[in-house]
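*Asks:* Below are the C-alpha cells for one structure; questions will follow.
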Amino acid sequence: MMEKKMYDLVIIGSGPAGMGAAIYAVRAGIETAVVDRSPVSGGQVLTTYEVDNYLGLPGLSGGELSERFREHADKLGVTFVTADVQKIENHTDKKIVFTDEGSLEARAVILATGASHSMLGVPGEMKLSGLGVSYCATCDGAFFRKRTVAVVGGGDVAAEDAIFLAGICQKVYLIHRRDTLRAADTLQKKLFSLENVEIIWNSEVKEICGEEIVEGIEVRNNQSGEQSSLAVNGVFIAVGVVPNTDAFQGLVQMDEKGYIVADETCMTSEKGIFAAGDIRRKPMRQIITAVADGANAVHSVQNFFVSQCSTL
C-alpha cells in the first residue's frame, strides 16, 4: 500500500504529457506524485521504433527518448507511484485518487493517460509494430521515402495519411472495407487526384507479413472473397483512436468520442482538474504537443493555487 499523504499535485500518466508536467511542477516547487499503472514511463512513445521529429534529439528510438524523459525526472526527484487508477473523487478542498494500491490526496490533479490506437487485430500486427507497422504517418512517414506503403482506413485520418504519404512515397495503397470513404469531400477530391495512390475498395487486411520487418500484406475482398498479396514496406493503420478516459467518466466534461474538453490552458470543466496530452480534445497529437500540454497544465495549476490563496 502506498504512503498516505497530501500532495500539491498528482499527475496520472507518465507519457510525454505527464513527464513534461512533472518536470515543470517539481522545478516550480510543487510537491508532486506521478501515478502510472506501468513501472516503465513513456506511454505510446515506447512502441515507436524511431523518433525523428523531436527537436534536438533526432534518430532516437521511442524507448531511448522515454529513458531520457525518465532520467530527467528522476534527477529532479520526481516521486513515481506504480498503481492503476480506478476513480477520482472531486471535493472542494482536495481530490482523492483511488487506485488498486490505495489512495492519494492532492490539491490538484492532471489527467495525462493519453489515448490508444485502435488495432486491426490481425496476425503480424503486434510482432511488426514499430518495424513497418505504424499508427502515425506524420511521425514515421519519412522513414518510407520513395518506398511502397499501405494505409488502412476510410475516415479523415486515413485520407490525410494517404495524401501526406503520397508526397514522399513511390506508391500508396489505401485499403478500405467499404465502397465509399467517410472522409471529408475536400480530402477525397485531393486523394482521388493523386496518381500514385490506389484505393482498394471493399477489402480488409487479413495478415501483415514479414520476419523482421514488414514485407507485405494479405488482403481479402469482403464481397468476392478473393484474397491477394501486396508487397509493401510499411503499413499505416488509421482505424481510430480511443482516449483512455474510462476511469474519469462523470468527473469532467467529455465530447462524444470520450476526449476531455479542455483548451490550451488544459483546464477542464472542474476546478483543480486539468487534462494534458492525447487525452485532451485537440487537432494534433504529437510528442512535442503533449510535452507542451504538460507545461501549460502546470502553469494553470499554479494559477489555480494562487486563486485558492486569494479566496482564503
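The values are calculated or read from the model by the stated rules, or taken from the named source; none is laboratory data. Just so we're clear, the structure is a prediction, and the values are computed from it rather than from any experiment. Here the Cβ positions follow ideal geometry from the backbone for every residue, glycine too, while neighbour counts run over all protein chains shown.
*Asks:* Does V97 qualify as being in contact (Cβ under 8 Å) with a residue 12 or more places away in the chain, touching an Asp or Glu at 6+ places or on another chain (Cβ under 8 Å), of a type outside the set (F, W, Y) and in a strand (DSSP E or B)?
*Replies:* Yes; evaluated as a whole, the condition is true for this residue.
*Asks:* Then there is this: Would you pick out the residues in region 157-176 that are in contact (Cβ under 8 Å) with a residue 24 or more places away in the chain and surrounded by fewer than 16 Cβ atoms within 10 Å (Cβ to Cβ)? I'd like the intermediate steps shown before the answer.
*Replies:* Just the residues of region 157-176 that are in contact (Cβ under 8 Å) with a residue 24 or more places away in the chain, to begin with: 157-166, 168-176.
The one that is in contact (Cβ under 8 Å) with a residue 24 or more places away in the chain and surrounded by fewer than 16 Cβ atoms within 10 Å (Cβ to Cβ): Q170.
*Asks:* Can you tell which of A183, A162, A150 is in a loop (DSSP other than H, G, I, E, B), of a type in the set (A, V, I, L, M, F, W, C) and more than 19 Å from the chain's Cα centre (by Cα)?
*Replies:* Every option except A183 fails the conditions.
*Asks:* Taking the residues in region 3-59 that are among the acidic types (D, E) and over 11 Å from V81 (Cα atoms) as candidates, determine which candidate is modelled with the lowest pLDDT.
*Replies:* So, considering only residues that are among the acidic types (D, E) and over 11 Å from V81 (Cα atoms), the one modelled with the lowest pLDDT is E50.
*Asks:* Looking at (1) aliphatic (A, V, I, L, M); (2) free of Cβ contacts under 8 Å to residues at least 24 places away in the same chain; (3) in the same structural domain as K282 (by TED's automatic domain parsing); (4) out of contact with any Asp or Glu (no Cβ under 6 Å at 6 or more places or on another chain), which is the only condition V109 fails?
*Replies:* (2)
*Asks:* Filter region 8-45 down to residues that are farther than 18 Å from A275 by Cα and touching a residue at least 60 places away in the same chain (Cβ under 8 Å) and give me whichever is surrounded by the most Cβ atoms within 10 Å (Cβ to Cβ).
*Replies:* Here the residue is V45.
*Asks:* Please find, within region 268-312, the residue that is farthest from the chain's Cα centre (by Cα) out of those that are of a type in the set (S, T, Y) and not in a loop (DSSP other than H, G, I, E, B).
*Replies:* S310
*Asks:* Can you tell me which condition V78 does not meet? The list is (1) surrounded by 16 or more Cβ atoms within 10 Å (Cβ to Cβ); (2) touching a residue at least 40 places away in the same chain (Cβ under 8 Å); (3) farther than 24 Å from G250 by Cα; (4) in contact with a Leu (Cβ under 9 Å, 6 or more places away or on another chain), and all the others hold.
*Replies:* (4)
*Asks:* Also: If only one of A292, A231, A275, A297 is touching a residue at least 40 places away in the same chain (Cβ under 8 Å) and closer than 30 Å to T148 by Cα, which one is it?
*Replies:* A231
*Asks:* Being over 12 Å from V235 (Cβ atoms) and surrounded by fewer than 24 Cβ atoms within 10 Å (Cβ to Cβ) is the filter here, so list the residues in region 111-126 that pass it. Before the answer, list the steps.
*Replies:* Keep residues of region 111-126 that are over 12 Å from V235 (Cβ atoms), which gives 111-118, 121, 123, 126.
Hits for region 111-126 are A115, S116, H117, S118, G121, P123, M126.
*Asks:* Counting only residues that are assigned to a loop (DSSP other than H, G, I, E, B), touching a residue at least 24 places away in the same chain (Cβ under 8 Å) and surrounded by fewer than 16 Cβ atoms within 10 Å (Cβ to Cβ), how many does region 81-93 have?
*Replies:* Within region 81-93, residues that are assigned to a loop (DSSP other than H, G, I, E, B), touching a residue at least 24 places away in the same chain (Cβ under 8 Å) and surrounded by fewer than 16 Cβ atoms within 10 Å (Cβ to Cβ) number 1.
*Asks:* Please specify each residue of region 217-270 satisfying the condition of being closer than 27 Å to Q86 by Cβ, among the small types (G, A, S) and surrounded by 19 or more Cβ atoms within 10 Å (Cβ to Cβ).
*Replies:* A262 - this is the single residue of region 217-270 that is closer than 27 Å to Q86 by Cβ, among the small types (G, A, S) and surrounded by 19 or more Cβ atoms within 10 Å (Cβ to Cβ).
*Asks:* When the residues of region 100-110 are narrowed to those that are in a strand (DSSP E or B) and touching a Lys or Arg at 6+ places or on another chain (Cβ under 9 Å), which ends up surrounded by the fewest Cβ atoms within 10 Å (Cβ to Cβ)?
*Replies:* Start the filter on region 100-110 by keeping residues that are in a strand (DSSP E or B), which leaves 102-110.
So of that shortlist, the ones also touching a Lys or Arg at 6+ places or on another chain (Cβ under 9 Å) come out as 102-109.
Details: G102: 13, S103: 17, L104: 25, E105: 16, A106: 23, R107: 19, A108: 26, V109: 30.
The selected residue is G102.
*Asks:* Might you let me know whether region 55-73 holds any residue that is surrounded by 17 or more Cβ atoms within 10 Å (Cβ to Cβ), polar (S, T, N, Q) and free of Cβ contacts under 8 Å to residues at least 60 places away in the same chain?
*Replies:* Yes: one or more hits.
*Asks:* Any residue at all in region 140-154 that's at pLDDT below 95 and under 18 Å from E204 (Cα atoms)?
*Replies:* No, region 140-154 contains no residue that is at pLDDT below 95 and under 18 Å from E204 (Cα atoms).
*Asks:* Scan L251, L187, L165 and give me the residue that is at pLDDT 95 or above and more than 28 Å from E50 (Cα to Cα).
*Replies:* L251
*Asks:* Given the options N196, N222, name the one that is over 22 Å from V122 (Cα atoms), of a type outside the set (G, A, S) and assigned by TED's automatic domain parsing to the domain that holds V152.
*Replies:* N196
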